[in-house]
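Have a look at the structure below, then the notes.
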Amino acid sequence: MKWIPTCKETTVLASRAMDVGLPFADRMAMHLHLAICENCARFARQLQEMRRLFRADADAGDDARGLTDAARQRIATELQDKLGH
């Protein structure tokens, strides 16, 4: 990874960082880019806010609005068909 990745590479890193730990060099490169690019920094903040909101919705319990069990099943079936599983 370059010391300062492109915007496209940075958005991929920011998204991946939410799910897995990034190697040190990738983390540093992403943070360097975010320090100088307001658009990517905004994107990263928006990702974090979406994650926070989704967690808050999930933690709200059974009274929270969300997908019905039937909708969840349709989505799972469609994903399995698309992924060939």
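We did not get these values from a lab; they are worked out from the coordinates using the rules stated. Keep in mind that what you see is a predicted model, and the values were worked out from it rather than measured. Every residue, glycine among them, receives a Cβ derived from its backbone with ideal geometry; neighbour counts consider all protein chains shown.
See the values below:
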item	result
Exposed trypsin sites (Lys or Arg not before Pro) absent - longest run of the chain, DSSP non-H/G/I/E/B, at most 15 other C-beta within 10 Å	3-64
Positive dipole terminus of the chain, leading residue within GLN73, MET30, LEU83 (C-beta point charges)	MET30
Difference of contour (0.36 nm per residue) and Cα-Cα distance, ILE4 to ALA56	15.4 nm
Relative contact order computed over region 7-83 (Cα-Cα under 8 Å; 6+ residues apart), in percent	24
Isolated Cys residues of the chain, judged by Cβ distance under 4.7 Å to other cysteines	CYS7
Rg/Rh for region 7-83, where both radii come from Cα atoms and Rh is the Kirkwood radius	1.11
About the Cα centre, charge dipole magnitude for region 7-83 (Lys/Arg +1, Asp/Glu -1 at Cβ), debye	240
